[in-house]
Amino acid sequence: MGLRQHLPTWRSAGVASTSLALMISSAAVGVAAAPAAALAAAPHGCASAGTAAAGSAAAPAAAKVRAGGHAAKDPDSLTAAQVAQREADLAATAAERSRGKALGPTLTASITVPVVVHVIQRDSTRAGGNIPDSMITSQISVLNQAYAGSTGGVATAFGFQLQSIDRTVNPSWYPIVDGSSAERAMKNALHKGGKNTLNLYLGELSDNLLGWATFPTRNLSLQDGVVALNESLPGGTATNYNQGDTGTHEIGHWLNLYHTFQGGCSGSGDQVSDTPAEASAAYQCPTGRDTCSAPGTDPIHNFMDYTYDSCMYQFTAGQASRMLSGWNTYRAS
Ligand SMILES: [Zn+2]
């Protein structure tokens, strides 16, 4: 992918934090968690997201990479076959659920997603992952603004409520390596809640990635959740990606959205009709970019592209509808 730029070595810019003691701590902030037993232990397909899936019911994941990242290792977009498989399952599962209910999904629903945050640390320093709680509460505010449409997009059905923060100092989990056995062990150990609970894991990440997420599936496993670069949270050190929209983007995947550039210029792209087709990911903020002959310029301001946080500020009505139907199909009780 083009339009990449060399990134400064922001990774070394972390400063030691004096605001927080480390150790494994837990801060309850609200609602009680649904039982984790609701989630079956199914295989996780994160590592195979960018390749031909070897597993059967594995849930593919989607990652976000910053400009200057390693494109060859970016497990971002799905193959056409993976999208087709997911869409077929979405339709089948929705049909099964609708047969058991008098009414289908309602687009006026309001859904509050409980959020469980897991901070992974190498040690007690800021460079070692010890970000303050204030960055996490700011992240929740960013999510609520983005999904309410108050930054410029449509209002979606979704709001987010911080439920708890736990911290784990474990150098073998830091950085969090996409698709690794250590990632699986981390999630198996820390996952909380039911299929409606967002588990958000924060740490330094492998491969220059900003984050990755699992898509919803019929049989959610303990691997379900979102992983985000700790310094991508509001006030973090990830230059151009530190306003919290990596979280917004990854949670979009968790809520069943594809990238706006999924499928390129052909076919049904991201399965949403009101996001103009886009040949490839856009980086930085390339105003006027228009890579497909279909109507509309590239949706560079959409949260599901790869642009700078300062450039992305909207979801569309079609995306809001897709997220809600995905919720009702896979995550609603
Ligand atoms: Zn993504």
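Figures for the structure shown
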| quantity | calculated |
| --- | --- |
| Relative contact order [Cα under 8 Å, 6+ residues apart], the range 169-236, whole percent | 32 percent |
| Whole-number percent relative contact order across the range 244-301, with pairs defined as alpha carbons under 8 Å at least 6 apart | 26 percent |
| Distant-in-sequence amide H partners of Lys64 (H built 1.01 Å from N, under 5 Å) | Leu210, Gly211, Trp212 |
| Most to least packed among 196-207, 232-243, 250-261 [average Cβ atoms within 10 Å] | 250-261, 196-207, 232-243 |
| Total charge dipole magnitude, the range 260-314, about the Cα centre, Cβ charges on Lys, Arg, Asp, Glu only, Debye to nearest 20 | 80 debye |
| Cut-off 10 Å between beta-carbons: net charge of the residues surrounding Ala279, Lys and Arg +1, Asp and Glu -1 | -2 |
| For the range 272-320 and the range 200-269, distance of Cα centres in Å | 16 Å |
| Rel. contact order, % - alpha carbon contacts under 8 angstrom, at least six apart, the range 135-177 | 28 percent |
| Positive minus negative residues near Gly263 (Lys, Arg vs Asp, Glu; Cβ under 12 Å) | -3 |
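Bear in mind that the values in this text are calculations on the coordinates, not laboratory data. Computed from a prediction, not measured in an experiment: that's the story for all the values here. Because the Cβ atoms are built from the backbone with ideal geometry, glycine has one as well, and the counts that use them run over all protein chains shown.
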